[in-house]
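Single-structure report; data block below.
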Amino acid sequence: MEGFQFVDIILLAMVAGFLILRLRSTLGRRTGHEQGQDNYRRDNVVELSPRANPDSETVVVGDIDPAYIGTLFEEGLTQITLSDPNFSVEDFLGGAGKAFEMIVIAYAEHDTDTLKPLLSDEVYSNFAAAVQDREDREERMETELIVIKPIKLESVSVDGRTAKIAARFESEQVNIIKDADGQIVDGDPEHIESVTDIWTFERNLANSDPNWLLIATRSVD
């Protein structure tokens with residue numbers, strides 16, 4: 001009886017040894033599931049620099065409105081967007097339209113407080129001098145903006161950290177000037193004038209302030 005117990009113990013030891021060897025073999029082998037986890041970790045690494053699509057030589061850069069891709073504005077808009085991902089042409093033109101209306105009306109009403117934060121020092125100086133000339137003559141200007149047509153880009157450039165965008169404003173206006181007695185000395189209240197202006201705005205892209213200043217104006221005959 002004791003002989004059979006001894007044989008049973010030997011058989012159990014052999015089975016246990018075989019199971020241990022199989023377990024070690026299994027734990028030491030890389031499975032397909034583990035390889036998938038490694039790939040998942042690599043896919044979630046954030047690459048800060050622009051990278052090329054593996055199936056294309058095109059470098060991924062700042063997004064701009066597709067309407068401007070392939071135009072003279074593409075390079076400048078791309079540089080602006082790379083510095084400010086929140087920039088969009090649509091928002092810029094919307095803001096430029098509001099600025100145009102504010103500046104034209106403030107200039108007519110001699111409202112230099114409204115003009116000052118919207119203009120560069122040089123442009124403000126010119127506007128303020130014209131306002132002062134009218135005040136010296138005791139004249140007042142009245143301007144009515146009848147229509148402002150859709151605003152268009154005229155040029156876009158980036159020099160260092162300074163971005164400049166020129167926009168074309170086509171509007172219909174009524175402009176008159178009255179003397180101290182309220183008599184019209186220039187203009188016709190019944191005449192609607194078609195006016196085309198090119199205004200250039202500037203912004204320092206290194207500055208967190210998203211506002212653009214008007215740095216130049218010219219009229220197109």
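We did not get these values from a lab; they are worked out from the coordinates using the rules stated. Since this is a predicted model, take the numbers as computed values, not measurements. Note that each Cβ is placed from the backbone with ideal geometry, even for glycine, and that neighbours are counted across all protein chains shown.
A few points about this structure:
- Net charge dipole size for the range 72-220 [Lys, Arg +1 and Asp, Glu -1 on Cβ; Debye, nearest 20]: 640
- Percentage of interatomic Cα-Cα distances in the range 72-220 larger than 29 Å: 22
- Rel. contact order, % - alpha carbon contacts under 8 angstrom, at least six apart, the range 72-220: 21
- Cα-only Debye scattering, the range 112-186: base-10 log of I(q)/I(0) at q = 0.21, 0.27 Å⁻¹: -1.12, -1.17
- Cα centroid separation, the range 128-182 to the range 79-96 (Å): 23
- The alpha-carbon of Lys98 sits under 17 angstrom from the alpha-carbons of these lysines, leaving out residues fewer than 8 places away in its chain: Lys116, Lys149, Lys152.
- Between Asp91 and Glu122, the FRET efficiency estimated from the beta carbon spacing at R0 = 45 angstrom works out to 0.95.
- Cα convex hull volume per residue for the range 148-192 (Å³): 114
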